[in-house]
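Let me begin by presenting the structure, written as structure tokens, before commenting on it.
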Amino acid sequence: MIRKYIALLRMKYIEMLAYRLATFVWMTGAITQPLITMFVWMNIHPEESDSFVFYFMAVIFVERMTSAWDVWELDREIREGTFSNWLLRPLHPIHWAIAENIIYKWLFAVILVPVWVVAATFWPALRPHMTASQIMLFLMAVVLGAALRFLLSYSCGLLAFWMTKVAAVYGVIDVISLFLSGRIAPLELLPPQLREWSEWLPFRYMISFPIEIATGAADGGELARGFAIAAGWMMALIGALQWLWKAGMRKNQAVGG
């Protein structure tokens, strides 16, 4: 299985290079919204400018490291019938999606990390103050957040076996996530009721939770509680994905797909 994944990763890497201009445009476009939001908050609270700079730069990094786009691909492929081609291959289609996600995130990290290091040399606000244990927990939280977003996106994509334009449904979820994940503002700035909801919904653990670890806002019991809730959501999404896959395959065969 390891050799198969190495082959998949190599194929996806070559594919990304073949479409490098589109990949670069996609990456560039992805950082626009956090930067605009950062300048808005800096104008509202100029005394907290340094904190907002670090927070929203961290949002750019974490959001790209946890991003998932499989719902749009599954929506189109299932609707057009081309998804059946993936079923003829020796590996489960999800492995191709996982490999593509890994390569994209690796390429983005290769670009963003050196840029951050250079920028931090001239801009002290970007210098993280994390211990070795914080760095390890931060990376664990990022991986967990990536798994949550991927599972949610793939599960929603499988709904295309029953619905048309699943991407529109996912768009509603993404709007909710925009607020409750910390992408539009730090969760501490949200109304108390929304903050409480964010603690129990999965969106916080996709973006905000790793950043809270990096800034030291989450520690001790809050860390253990956060990882436990995120792990619970991951298990629930794995179960949902497995059920949707089996039911979707029965639906696909019933209609002769």
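Check off (1) at pLDDT below 90; (2) farther than 25 Å from M42 by Cβ for Y154 and give me the number that stays unchecked.
(1)
Scanning for something at pLDDT below 90 and not in a helix (DSSP H, G or I), does the range 192-209 turn up at least one residue?
No: the range 192-209 contains no residue that is at pLDDT below 90 and not in a helix (DSSP H, G or I).
Within the range 53-71, is there a residue that is part of a helix (DSSP H, G or I), open to solvent by 30 Å² or more (accessible area, probe 1.4 Å), in contact (Cβ under 8 Å) with a residue 40 or more places away in the chain and of a type in the set (D, E)?
Scanning the range 53-71, I find no residue that is part of a helix (DSSP H, G or I), open to solvent by 30 Å² or more (accessible area, probe 1.4 Å), in contact (Cβ under 8 Å) with a residue 40 or more places away in the chain and of a type in the set (D, E), so the answer is no.
Pairs needed: first member in the range 1-27, under 14 Å from F108 (Cβ atoms) and among the charged types (D, E, K, R); second member anywhere, assigned to a helix (DSSP H, G or I) and modelled with pLDDT of 75 or more; C-beta distance under 6 Å; at least 6 residues apart or different chains.
Within 6 Å, the pairs are K12/A99; K12/E100; K12/I103.
Quick one: A218 ticks every box in (1) part of a helix (DSSP H, G or I); (2) buried (at least 18 other Cβ atoms within 10 Å of the Cβ) except a single one, so which number is it?
It is condition (1) that A218 fails.
Please specify each residue of the range 148-206 satisfying the condition of being polar (S, T, N, Q) and open to solvent by 60 Å² or more (accessible area, probe 1.4 Å).
T164, Q193, listed by residue number.
Taking the range 237-252 as the search range and keeping residues that are of a type in the set (A, V, I, L, M) and surrounded by 14 or more Cβ atoms within 10 Å (Cβ to Cβ), which one is nearest to the chain's Cα centre (by Cα)?
It comes out as L237.
The values are calculated or read from the model by the stated rules, or taken from the named source; none is laboratory data. Remember, it's a predicted structure, so these values are computed and weren't measured experimentally. When we count neighbours, we look across all protein chains shown, and the Cβ atoms used for this are built from the backbone with ideal geometry, even at glycine. Keep in mind that these areas ignore ligands, DNA and RNA; they rest on the heavy atoms of the full protein, side chains included. Shrake-Rupley method; radii C 1.70, N 1.55, O 1.52, S 1.80 Å.
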